[in-house]
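The values are calculated or read from the model by the stated rules, or taken from the named source; none is laboratory data. For clarity, every value in this text was computed on a predicted model and none was experimentally measured. Cβ placement follows ideal geometry from the backbone for every residue including glycine, while neighbour counts extend to all protein chains displayed. Just the protein is used for accessible areas: all its heavy atoms, side chains included, with ligands, DNA and RNA removed. Shrake-Rupley method; radii C 1.70, N 1.55, O 1.52, S 1.80 Å.
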Amino acid sequence: AALKDALRSQVSAALREGRVTPTELCQRCLALIKSTKFLNAYITVTEETALKQAEESEERYKRGQPLGILDGIPIAVKDNFNTAGIETTCASNMLKGYISPYNATVVQKLLDQGAVLLGKTNLDEFAMGSGSTDGVFGPVRNPWSYSKQYKEKSVSKSHSEDKESDWVISGGSSGGSAAAVSSFTCFAALGSDTGGSTRNPAAHCGVVGLKPTYGLISRHGLIPLVNSMDVPGILTRCVDDAAVLLGSLAGHDPKDSTTIQDDFKPFELPNLIDVSKLSIGIPKEYHAPGLSSEILALWLKAADLFKNAGAKVVEVSLPHTRYSIVCYHVLCTAEVASNMARFDGLEYGHRSDVKDSTESMYAATRREGFNDVVRGRILSGNYFLLKQNYEKYFVKAQKVRRLIANDFVKVFRSGVDILLTPTTLSDAAPYTEFIQEDNRTRSAQDDILTQAANMAGLPAINVPTALSERGLPVGLQFIGRSFQEKQLLTVAKWFEKQVQFPMIQLEEVKRHDSGVFQHQQSASFS
């Protein structure tokens, strides 16, 4: 642990001092992407572009004029953010071959600060799912499936059988981004979070996953799923790095009217943190059906950590939580139906060869372009939006959403600073087990602990906490007050230091491990 802490700041310092160059760092990441290709974390690898960006960064360092802490740092972006000149597919046949003429605001901000874009990461089609198994490019494999920790505890099988059938899911829908960060192929990645799509895979892959307050980061250029809940998410290997990325991305964007009007001041997290004056809320409704005894025990142990540090730990109630997953399903599918209407085969994306009539071309395009999951959500959403159903379903769901948001307001007004909950019901499921259930059932189970924060627009973060009995990561979630990211991340950093989550021991990384790459394993560029 001491060695790890000593290495904390070495990546950024090594770049500044010339002990490692951005090009060397980029080349090592690209080599790792190739050697871990079987994870299927990336849809597109932008090797040529990345090396060019790294060379430009190197020139700035030579002149002593780096653009900031992100200059030369390799990052990845989920493939539902638009990237100029680079294919953006949303893991769907509908957008295969689509190249956007502009960058999403968050992508542009990263590039403006010198970050090196390695590629676009895999996901569930149009971010609809919780396993990163339903995209047209195939499922993402969790790096921990190939870790020494998991292999030592999993049932002994032949190597080939283990590789083909014993791997576990990465979570979703930002599973590619989480797997990319977890397997050391990049230092940070962007995901999106509509109902937990950043925090869920972060928990399963043993990384930090931050969902900021709605409106703090621009959604411009993020291909929308549910406009009223979508938030760009941040995936890193430590809380400090999440704070750095948040500082780089947050703030008003004239291209997104839902962003905050005030300027956002980036902040540094303190090293000495006192939690004794805090009140930590434990929502009793999050002891949900299906919560594993292992995660429950970990949750209680975490509460004791705060209590022993002098914090006030209180049980609280969020009474409308039990309605939240049904409410979320109605609102999510209704907005999906509206958003997916733009994919008609006329302006961009896939167009069917059926030419009998405009209507038949529309129908064939959407049948060929969308998978069953997307078509199913469109059908559900349009049903809820029918004239005779609108009041009964959509309007009622909006009213329940307000009640859910008010529950959080009341709890925070009562003096509670931070809520502590599980992120997932269990550790990552084996792929063969996960695909036995349909997407809707799986999403309802997996989103149950995360989507309420999206409906209330609150910031939430997954912090990797421990390994399960199977040697797989388990995370806990902290939910904060609206726009109080500094307090949320400070508490998360304190907790991260207490639990000392073990580093993944990945054979593929060891083969590339050298003096330079040890900096990358240390988790932090900040």
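Report the residue count in the range 389-418 for those that are of a type in the set (S, T, N, Q) and either over 24 Å from VAL491 (Cα atoms) or crowded, with 17+ Cβ neighbours inside 10 Å (or both). Give the steps one after another, and end with the answer.
Taking the range 389-418 as the starting set, the residues that turn out to be of a type in the set (S, T, N, Q) are 389, 398, 406, 414.
From what is left, the residues that are either over 24 Å from VAL491 (Cα atoms) or crowded, with 17+ Cβ neighbours inside 10 Å (or both) are 389, 398.
Going through the range 389-418 one residue at a time, the tally reaches 2.
Do the conditions hold for LEU386, that is, is it at pLDDT 95 or above, assigned to a loop (DSSP other than H, G, I, E, B) and open to solvent by 40 Å² or more (accessible area, probe 1.4 Å)?
On the way: at pLDDT 95 or above: yes; assigned to a loop (DSSP other than H, G, I, E, B): yes; open to solvent by 40 Å² or more (accessible area, probe 1.4 Å): yes.
Judged against the criteria, LEU386 is a match.
Go through the residues of the range 516-525 one by one and say whether even a single one is modelled with pLDDT under 95, under 24 Å from LEU298 (Cα atoms), among the small types (Gly, Ala, Ser) and open to solvent by less than 10 Å² (accessible area, probe 1.4 Å). Show your work before the answer.
First, pick out the residues of the range 516-525 that are modelled with pLDDT under 95: 516-525.
Narrowing further to those that are under 24 Å from LEU298 (Cα atoms): 523.
Remaining after also requiring among the small types (Gly, Ala, Ser): 523.
Okay, now just the ones that are also open to solvent by less than 10 Å² (accessible area, probe 1.4 Å), so 523.
So far as the range 516-525 goes, yes, one or more of its residues are modelled with pLDDT under 95, under 24 Å from LEU298 (Cα atoms), among the small types (Gly, Ala, Ser) and open to solvent by less than 10 Å² (accessible area, probe 1.4 Å).
Is it the case that the range 117-134 has a residue that's under 22 Å from HIS252 (Cβ atoms) and either surrounded by 24 or more Cβ atoms within 10 Å (Cβ to Cβ) or touching a helix residue (DSSP H, G or I) at 6+ places or on another chain (Cβ under 6 Å) (or both)?
Residues of the range 117-134 that are under 22 Å from HIS252 (Cβ atoms), as a first pass: none.
Within the range 117-134, not a single residue is under 22 Å from HIS252 (Cβ atoms) and either surrounded by 24 or more Cβ atoms within 10 Å (Cβ to Cβ) or touching a helix residue (DSSP H, G or I) at 6+ places or on another chain (Cβ under 6 Å) (or both).
In the list ILE217, ILE223, ILE280, which residue meets the criterion of being among the aliphatic types (A, V, I, L, M), open to solvent by 10 Å² or more (accessible area, probe 1.4 Å) and at pLDDT 95 or above? Break it down stepwise before answering.
Details: ILE217 fails: open to solvent by 10 Å² or more (accessible area, probe 1.4 Å); ILE280 fails: open to solvent by 10 Å² or more (accessible area, probe 1.4 Å).
When all the criteria are applied, what remains is ILE223.
(1) in contact with a Gly (Cβ under 9 Å, 6 or more places away or on another chain); (2) closer than 25 Å to ASP193 by Cβ; (3) open to solvent by 20 Å² or more (accessible area, probe 1.4 Å); (4) not in a loop (DSSP other than H, G, I, E, B): which one isn't true of ALA337, the others all being true?
(3) is the only condition that ALA337 fails.
Among the basic types (Lys, Arg) and open to solvent by 10 Å² or more (accessible area, probe 1.4 Å), is that true of LYS62?
Details: among the basic types (Lys, Arg): yes; open to solvent by 10 Å² or more (accessible area, probe 1.4 Å): yes.
Spelling it out, LYS62 is indeed among the basic types (Lys, Arg) and open to solvent by 10 Å² or more (accessible area, probe 1.4 Å).
LYS486 passes all but one of (1) surrounded by fewer than 20 Cβ atoms within 10 Å (Cβ to Cβ); (2) among the charged types (D, E, K, R); (3) over 16 Å from GLY215 (Cα atoms); which number fails?
(3)
For the range 59-71, indicate whether the set of residues that are under 21 Å from the mean Cα position of the chain (by Cα) and either outside any loop (DSSP other than H, G, I, E, B) or among the hydroxyl-bearing types (Ser, Thr, Tyr) (or both) is non-empty.
Let us first name the residues in the range 59-71 that are under 21 Å from the mean Cα position of the chain (by Cα), namely 70.
Narrowing further to those that are either outside any loop (DSSP other than H, G, I, E, B) or among the hydroxyl-bearing types (Ser, Thr, Tyr) (or both): none.
Checked against the condition, which is being under 21 Å from the mean Cα position of the chain (by Cα) and either outside any loop (DSSP other than H, G, I, E, B) or among the hydroxyl-bearing types (Ser, Thr, Tyr) (or both), the range 59-71 yields no hits at all.
In the range 258-273, which residue that is within 15 Å of SER218 (Cα to Cα) and in contact (Cβ under 8 Å) with a residue 12 or more places away in the chain is least open to solvent (accessible area, probe 1.4 Å)?
Going through the range 258-273, the residues within 15 Å of SER218 (Cα to Cα) turn out to be 258-264.
Narrowing the set further to residues that are in contact (Cβ under 8 Å) with a residue 12 or more places away in the chain leaves 258-260, 263-264.
Numbers: THR258: 53, THR259: 6, ILE260: 34, ASP263: 141, PHE264: 49 Å².
Within the range 258-273, the match that is least open to solvent (accessible area, probe 1.4 Å) is THR259.
Based on what the data block shows, is ALA76 within 25 Å of HIS220 (Cβ to Cβ) and either in contact (Cβ under 8 Å) with a residue 60 or more places away in the chain or of a type in the set (S, T, N, Q) (or both)?
Working: within 25 Å of HIS220 (Cβ to Cβ): yes; either in contact (Cβ under 8 Å) with a residue 60 or more places away in the chain or of a type in the set (S, T, N, Q) (or both): yes.
Yes: the conditions hold for ALA76.
For the subset of the range 151-180 comprising residues that are touching an Asp or Glu at 6+ places or on another chain (Cβ under 9 Å) and under 17 Å from GLN505 (Cα atoms), which member is modelled with the highest pLDDT?
VAL168
Show the residue pairs meeting these rules: Cβ distance below 6 Å; 6+ apart or different chains; first residue within the range 291-315 and more than 11 Å from PRO422 (Cβ to Cβ); second residue of a type in the set (A, V, I, L, M) and assigned to a helix (DSSP H, G or I).
If the second residue must be of a type in the set (A, V, I, L, M) and assigned to a helix (DSSP H, G or I), the pairs left are VAL313/ALA303.
From THR424, THR358, grab the single residue that is polar (S, T, N, Q) and loosely packed, with under 12 Cβ neighbours inside 10 Å.
Working: THR424 fails: loosely packed, with under 12 Cβ neighbours inside 10 Å.
Matching residue, one of THR424, THR358: THR358.
Conditions tested, residue by residue: (1) surrounded by 23 or more Cβ atoms within 10 Å (Cβ to Cβ); (2) within 24 Å of ALA397 (Cβ to Cβ).
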residue	(1), (2)
THR432	no, no
GLN436	no, no
ALA444	no, yes
LEU449	yes, yes
ALA452	yes, yes
MET455	yes, yes
ASN462	yes, no
ALA466	no, no
VAL499	no, no
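Looking at (1) more than 22 Å from CYS186 (Cα to Cα); (2) open to solvent by 10 Å² or more (accessible area, probe 1.4 Å); (3) outside any loop (DSSP other than H, G, I, E, B), which one does PRO101 not meet, given that it meets all the others?
In the conditions (1) more than 22 Å from CYS186 (Cα to Cα); (2) open to solvent by 10 Å² or more (accessible area, probe 1.4 Å); (3) outside any loop (DSSP other than H, G, I, E, B), PRO101 misses (3) alone.
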